[in-house]
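Presented below is the structure to which this report refers.
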Amino acid sequence: MTETIQLKTPISREGGEVTAVALREPMPGELRGLKLAEVLMMDVATLIKLVPRISDPALSEAEVAKMNPRDFTQVGGTVVRFLAREGPAPPGE
């Protein structure tokens, strides 16, 4: 699964600006070294490590750390949706 996010504030880099970022659903290996609970809580430091692993174009940790807060929140929300349970809750929840 992939989702493209149009950035409200483009990221400047050598060779031009990044105006959109495609994020793909992380695989278990890309979550290595990260605490899943922190990913789901949109912990800033954790997302700064994860987003470069799943973004196209590949963003650096420094670029993610400098993102506009609204763009960063949208990116984090997308990651959480990738990992959130789909379908109805089991009985008793």
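The values are calculated or read from the model by the stated rules, or taken from the named source; none is laboratory data. All values derive from a computational prediction rather than experimental measurement. Keep in mind that these areas ignore ligands, DNA and RNA; they rest on the heavy atoms of the full protein, side chains included. Shrake-Rupley method; radii C 1.70, N 1.55, O 1.52, S 1.80 Å.
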Original post:
on the phi > 0 side of the Ramachandran plot, open to solvent by less than 80 Å² (accessible area, probe 1.4 Å) and either modelled with pLDDT of 95 or more or not aliphatic (A, V, I, L, M) (or both), is that true of MET67?
Top reply: no
Subject >> Matching residues in the range 1-28 - criterion: being farther than 15 Å from ASP71 by Cα and open to solvent by less than 40 Å² (accessible area, probe 1.4 Å) >> reply: GLY16, PRO26
